[in-house]
Each structure stands twice: as structure tokens, then as C-alpha cells.
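Beneath this line is the structure, given in C-alpha cells, with notes to follow.
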Amino acid sequence: MVQARKIASALEVVERWPAGHVEIVSIKTSGDKITDRPLAEVGGKALWTKELDAALLNGDIDFAVHSMKDVEVIRPVEIRLAAIRPRVYVDDKLIGAESIDQLKKGAVVGTSSPRRAAQLLAARPDLKIIPMRGNVDTRLKKLEAGEVDATILSAAGLHRLKLDHVGTSIPFDIMLPAPGQGALGVECRAEDTDCLQLLKLLDDAGSRATVTAERAFARALGGSCLSPVAALATVERTKVFLRAEILSVDGKDRVRDEASFPCGNDASAEKLALDMLERAPESIRRLFAKA
């Protein structure tokens, strides 16, 4: 809801509409309802999008707001990603200790993200990872109750809830973020030219270049919610610099690489993915459909 309000407010400002002109429709997704199991066990990332997609295609809403890391890399042709907002906070934050090194031996860390779990185990094989889902408040309460010693949340999510003071940023050499992390995307019907034109005013070219490169990398791998994948792109003048890694579930094996290419040349991101997969060990290759 906070994300939706941010997009609505931005649109009201650029169009000089009064506050509240954009109506927000609250839709509870399966991802919100099912919090006792990992996403991969109950439908993957579609749990965050299918109800919104249906509302969009039925004409119940004009556009939908998503956190891009939770959106499948292959989308229906009837839906268009009309805008990607500027992103600033892309890192993950550790809550419960000042650093991963300072976690006690055998500490219990709550996360349902295969990527975060694998990266944690790569740094600290002694850690015990247990599934933990729910919104930010739910996870923080579980930490306070002592159900886990630590958890990991995105810096962007904490920032949107005005909780910047919570947690410590994890360096990228330890925990590279998920593709699209920290970015808000706005989708509308592909045939709705008026809405496409309107939402274009909210689009940030730099963020679009980086997010689409990260998503192209992930799409080329053919992975699932069980596949630990990380990617982070930045724009340097007219070029995209992409860092990426793929890991085994237990974090024992890891392939890292990087590439630089012109903005919009997503074929280079796809090539990087396939090159990395080709030289990955079987423990990683079996997690991806393109292997």
C-alpha cells in the first residue's frame, strides 16, 4: 500500500491533480495470504501478481504497482511494464547483528529467500537457516520474540516504511541483491495507449536500463524461485555495468562474473547468464532449465 501511494502521489504531482485523485484499490494477493510456506512450494512469484493481473485484464484497475524483484521475468503479452521509478536503495540489511561475521556460531537466521540463504551459507556454513515470511512488521516481531537470532530485509522496503535506522547494510561482495531489487514498476494493459502515455511520465531511463538488464540475465537462466540468483546493474554514461552470481542451494558452489554493454543491449546480459551457466558445476546447473 505504501508503494501504491508513492506511485499515486507521483502521478498526481506530474499531472497537477489534487491529492487523492488517483484511487487506490486494495487487492490481497495469495502471497499476502500464504505466509507459512516458501513461495516455491505454493506457486512462486505469481503469488504476488496473478490477482493484480486478473484485475488489470478485467478492467477493474487501470494500472498495478509492483516491487520488481517479486515480478516474474516472463509476463503476459497483454500487460506492459509502463514505468520503472528511480531506485536508490538496492542492498540487503542484516537485522540482529552488526555484521554476518558477528553472528554467534550456529545462529538461526530467518529467511525464505534461496538467494539470501545460499549467500549466508557461503559466508557462514555454520548458520542455521529457517523459513520466515510475512510483511516487515511480522518479521521484526518474530525477531523480537526470539524465534530467530537474525533476519534479512531489503533496504528499500525498510526505507519506504521509514525504518532506515533498522539493520546494517550487507556489502555487495557478500550479498549481491536479487534482480530488480529496490525498484518499483508500474504495469498497465498493453492496448491502453492513454495509460501508457500517462505512466511514461514516471519512467526513469537509468532505472529501466538496469532493471531490464538484470531481468534479462535472470530470464536467460530459466531458473525458478528455488534458484539462487543475484544481479546488480549500474549505469555509467551510456553503458550498463552488470555484476551477477549464481549459487548452489547450500552456498558451497558459486559462479560470479560481470559485463559491460550499451544500455538496452539485453542480449549481452543473456550471454553473460549462459556463459556463467556453462562453466557452473552440476550443483548449480541442475537448478536452471537452460542448463
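Throughout, read-outs are computed from the coordinates displayed, never taken from laboratory work. In this text, all values refer to a predicted model and were calculated from it rather than measured experimentally. Note that each Cβ is placed from the backbone with ideal geometry, even for glycine, and that neighbours are counted across all protein chains shown.
Observations on the model:
- For Ile129, distant residues with modelled amide H under 5 Å away: Val109
- Comparing Val240, Val22, Val166 in a Gaussian network model of the chain where C-alpha atoms under 10 Å apart are linked, the largest mean-square fluctuation is found at Val22.
- Ratio of Rg to Rh for region 92-247: 1.02 [Cα atoms; Kirkwood radius as inverse mean 1/r over pairs].
- Shape call, region 92-169: gyration tensor on alpha carbons, a/c limit 1.5: prolate
- For the chain, the longest principal axis of the alpha carbon atoms and the long axis of helix 114-123 meet at an angle near 40°.
- Packing-based order for 179-185, 5-11, using average beta carbon neighbours within 10 Å, highest first: 179-185, 5-11
- Calculated on the alpha-carbon coordinates, the convex hull of region 204-291 measures out at 76 cubic angstrom per residue.
- Rounded to whole Hz, the Karplus (6.51, -1.76, 1.60) HN-Hα couplings of region 87-101, x for glycine and proline: 10, 10, 9, 10, 7, 9, 10, 8, 10, x, 7, 6, 7, 5, 4
- Highest average first, the peptides 84-93, 51-60 ordered by how many other beta carbon atoms sit within 10 Å of their residues are 84-93, 51-60.
- Counting neighbouring Cβ atoms within 10 Å and putting the fewest first, the residues Phe172, Phe261, Phe288 line up as Phe172, Phe261, Phe288.
- Taking Cα centre as origin and charging only the Cβ of basic (Lys, Arg, +1) and acidic (Asp, Glu, -1) residues, the dipole magnitude of region 92-169 rounds to 220 debye.
- In this rough spin-label picture, where each label sits 7 Å from Cα along the Cβ direction, the Gln197-Arg5 distance is 3.2 nm.
- Magnitude of the charge dipole, the chain, Cβ model with Lys/Arg +1 and Asp/Glu -1, debye to 20: 520 debye
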